[in-house]
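Step one of this worksheet: look at the structure below.
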Amino acid sequence: MTRPTSDGAERDSQATWVASFGPFQLSASPGLLAKDGVPVHLGSRALSLLIALVDSAGRIVSKKELMARAWPDVIVDEGSLRVHMVAIRKALGDGLSDARYVTNVTSQGYCFVAHVTRLQPVVAPNAAAVPSDAANGLPPLPVRMVGRETTAALIQAEVEQKRFVTIVGPGGMGKTTIAAAVAHAMLPGFDGAVRFVDMAAVTDGAYVAGTIAATLGLAHSDAASGIVTYLRDKRMLLVLDSCEHVIGPAAELAERIFMEAPQVHILATSREALRVQGEQVHQLQPLACPPDSDTLKAEEALAYAAVKLFVDRGAAGANRFELTDADAPAVARICRELDGIALAIEIAAGRLDAYGVQGIAALLNKSITMLWHGRRTAVPRHQTMSAALEWSYNLLPDAERIILRRLSVFVGAFSLEGARAVAGSGKTGDAEVVEAVANLVAKSLLVGDAGGKAMRYRMLDSTRVYVLRKLVDSGESFVVASRHASHYCQLLEGAPLPAVGTDRDRLVQQAEILGNVRAALDWSLSDGGDVQIGTALAASAAPLLLEMSLLSECRDWMEKAIAGLGDEMRGTRREMELQASLGQSLMFTGGDGEEATRAFSRSLELAEALHDLPFRFRLLGGLGTLLARTGDFRGALALARLAKSVAQEMDDPAAQATADSMLAVALDLSGDIVEAEQHCVAALQAAAGALRTRAIRPGFNHRIFSLCGKARYHWLRGECDHAAVVAQYAIEQAEMLKHPVSMSIALIWAGSVFLWRGDWSKEEEILDRLVALATKHSLSPYAAVALGLKGEVHVKRGRPELGVNLLQESLRAVRANGYEMRTGAFMHALAEGLSHLQQHAHALGTIDEALLLAERQGGYLHMPEMLRVKGEILASTPGADAQLAEQCFVEAIQWSQRQSALSWELRAASSLARHWSNQGRIDSALRLLAPVYGRFTEGHGTEDLVAARSLFAKLGSPVQPISQG
């Protein structure tokens, strides 16, 4: 018998097996592939094919048979089969680390070659085949166990093979449900000899043996010995549920039974392991949740057990909930924030009729959710999350309760060092904290993660919400929050400049620190916090925030901290650090005006008063960058030269390299290309190792800026192909840093090489990346620059109307952001576009304005192009003075030669040659253009050189000039 799947394929309804191979588990019905308990997404056809292959493991399955399985009643070619086989191999990691699963047998079909262990599915047994025993204590079989089918099958196999298994996990995870399902499934194999003992009803450890004896139908004065004697020759499955509150006596008796009754199998559930001989611990993981994604679709979300459970329970409500694409991201977030805990998800889904998906999402992590009720028929400790947590909390010794309460101040992960700093004080010693952390992990109230270089711990969110309330009730919250904030302040003050992109553990640590720093700042800078700690923490946290490009957030915290400074802290190092960080964050988020200048100037004033040379150097760099961005190129150059002298005084190679990079940028913008290149090369040579992995504190990586400059200088000198290679390398290096500001700089400055070369598709790809990056990280000046660059591309590609519109929009945006660094370049591009639209007067006015701006700013880099464009406008304007146009072209050539900018010179020479050609001065045009073109040794496929060759053909040159190497 078959049933149709969602895509029309049919699946054997009797195929209810579960198989295990490598780290994977495959359930035939319902079709589900998981890796270490986490769902692996496969399309339904690919899943059907995998089920067929695993079902016939070791046997060749013909292509015809496989296609009939996945595409019944549909004719498809073998190409479709190959595509799905590729998807299967990719999902399994076939071929990685020598793992082999599926092999192709030429001309025959495919074979699943990995070792497969077939597990008995956990399903309701046939009642007629199982002896009835009302005294076995088994709770009713779960009507529907969602998301735990594979886990239950694995546990069943472990019980059969190892004899003694304890399911361990936090409250509400579903331990009892799985144990009951496994017990029912194993009834036939034990001929009904399955006994289920609910330890939750046992109020004292002294009654453990008596309770087990009563379930077995025994009455004996020495219950423990009587149980062992009775079971010694019996074959039985004994389930001991909820052992955590009587852990000692339960563990002792379970060990005796295991050792002395060799045919008895034991399945226990507890919030901590029994820790006795023979025990195999199965740590029950949370239900798998989808990753954070605003574009998550319902079909994708339902591949995860947590969402599947939420939807299953919601569908039982009065409104018959069905998951839609619109609700999928919110449901996924609910499941994640509930830590994949089955009980919490069931309870939340039960509130769908009252609050809806969005309402539940809004109420998450509020104490009110702790009181939501689940099934009335559930045992009291499973009716609310509060009751489930109360059960665990009340079992703790007083010392562990105190430490658990104190640890609830942490957000996300924390280290053992952090736990000792925050939870240890007064009567609670360091050793006591260390021991308590281990015990709390064992009791599933903390989660340990050994994935990195150092062990990390965290508290599940639901547990934290509950325990945090206990901390408030204890009266210790202010003291603990102060220690928490002080710990992270000391940690950040003692940390080196954060590394970027080279050390995954360091990046993970940054993310861990960030969550706790945010919580500590939020508390300390609030009305009820400690503002002294808050301002110190804000100052020490700023480098991390800048490093992670959290610029808007950095600005907000710095403003709040500066406002909280008392009179005694004004004029101190703390104010200096806060003002500097405020200036940096304002600079990159669109605050390039007076606010940023005031912040930098105040910080520089304090650095000079405090005789802090390194900080003064840092501020000169920040202020110089600010002046360049606001269009004061002369001021930026003066500060760069001052920074160079300070760096020499510091005798620090890294500072020297940074100063050379600053000078290169300032000289570049000023149009002194030769000296700019000298400092660029010096910057790359000096302290290259330090700059390779560090983002210097003005907020970007100076090595990336130097690489961008090197690429641009290659192009300006006429080394067009070499320029493209270096530009691409600069972008790749920036990408490795995973630092949005440095990446944006690379896309703009290195990307300009592709614009100049005429690689339009490459430049458009770069600009799309820039727009996405700038939008994501609120880098509004860079988003405005991207618009202008897109406008330039459209003008160059013969779409002037679109280009002019984008350039005008960009100019409005960059001016609104105070970002004047590229205004002149955009204005001459706009003038060129207006000229193409025959708006000659407007074009001429725009280029004249650009020339005046360049003179005022001291920004002469684009002067050759500005003069050339003005000449083109004049040459194309009816009735304009032809001699004036020629003069502009000549001046453009002269500026190019002063700058040693061969590429600018070729453009200017081509424009003048074309102008002379129109006047019939062919020989003069050829004599002008030929030697300029001949100096190029590469880049002959680029836009400008192709245009020059076309001009030679138009001029009737008998032979094309040959490049001189």
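Quick notes on this one:
- Boolean, THR658 is buried (at least 24 other Cβ atoms within 10 Å of the Cβ), in a helix (DSSP H, G or I) and among the β-branched types (Val, Ile, Thr): yes
- When ALA328 is tested against (1) farther than 13 Å from VAL146 by Cα; (2) at pLDDT below 90; (3) surrounded by 17 or more Cβ atoms within 10 Å (Cβ to Cβ), just one condition goes unmet, and that condition is (2).
- Unique match (being more than 52 Å from the chain's Cα centre (by Cα), closer than 23 Å to ILE167 by Cβ and in a helix (DSSP H, G or I)) among THR229, THR211, THR215: THR215
- Qualifying residue in the range 799-811 (condition: touching an Asp or Glu at 6+ places or on another chain (Cβ under 6 Å), modelled with pLDDT of 95 or more and either closer than 23 Å to LEU902 by Cα or polar (S, T, N, Q) (or both)): no
- Checking each residue of the range 365-378 against the condition of being at pLDDT 90 or above and closer than 22 Å to VAL517 by Cα gives no match.
- Looking only at the range 946-965, and only at residues there that are farther than 18 Å from TRP916 by Cβ and loosely packed, with under 10 Cβ neighbours inside 10 Å, the one that is modelled with the lowest pLDDT: GLY965
- Selection of the range 247-293 for residues being surrounded by fewer than 20 Cβ atoms within 10 Å (Cβ to Cβ) and of a type in the set (S, T, N, Q) yields GLN263, GLN277, GLN280, GLN283, GLN285, SER293.
- If the condition is being buried (at least 21 other Cβ atoms within 10 Å of the Cβ) and either in contact with a Gly (Cβ under 6 Å, 6 or more places away or on another chain) or part of a loop (DSSP other than H, G, I, E, B) (or both), then the range 825-845 contributes PHE826, GLY833.
- Looking only at the range 393-436, and only at residues there that are more than 30 Å from the chain's Cα centre (by Cα), outside any strand (DSSP E or B) and among the small types (Gly, Ala, Ser), the one that is nearest to ASP449 (Cα to Cα): ALA436
- Among the residues examined, PRO262 qualifies as more than 21 Å from GLY448 (Cβ to Cβ), in a loop (DSSP other than H, G, I, E, B) and in the same structural domain as ALA185 (by TED's automatic domain parsing).
- Among the residues of the range 313-325, those identified as buried (at least 18 other Cβ atoms within 10 Å of the Cβ) and not hydrophobic (A, V, I, L, M, F, W, C) are ARG313, GLY314.
- For the range 544-557, the set of residues classified as buried (at least 21 other Cβ atoms within 10 Å of the Cβ), farther than 14 Å from VAL531 by Cβ and at pLDDT 90 or above consists of CYS554, ARG555, listed by residue number.
- Members of the range 265-278 that are under 17 Å from GLN156 (Cβ atoms) and part of a loop (DSSP other than H, G, I, E, B): none
- The range 725-740: number of residues that are in contact with a helix residue (DSSP H, G or I) (Cβ under 6 Å, 6 or more places away or on another chain) and among the hydrophobic types (A, V, I, L, M, F, W, C): 5
- From the options SER911, SER900, SER896, residue that is among the hydroxyl-bearing types (Ser, Thr, Tyr), in the same structural domain as LEU955 (by TED's automatic domain parsing), within 48 Å of the chain's Cα centre (by Cα) and buried (at least 18 other Cβ atoms within 10 Å of the Cβ): SER896
- Which listed residue, of ALA885, ALA880, is in a helix (DSSP H, G or I), of a type in the set (Gly, Ala, Ser) and farther than 23 Å from LEU667 by Cα: ALA885
The values are calculated or read from the model by the stated rules, or taken from the named source; none is laboratory data. This is a predicted model, so every value here is computed, not measured. Note that we place each Cβ from the backbone using ideal geometry, even for glycine, and neighbour counts take in every protein chain shown.
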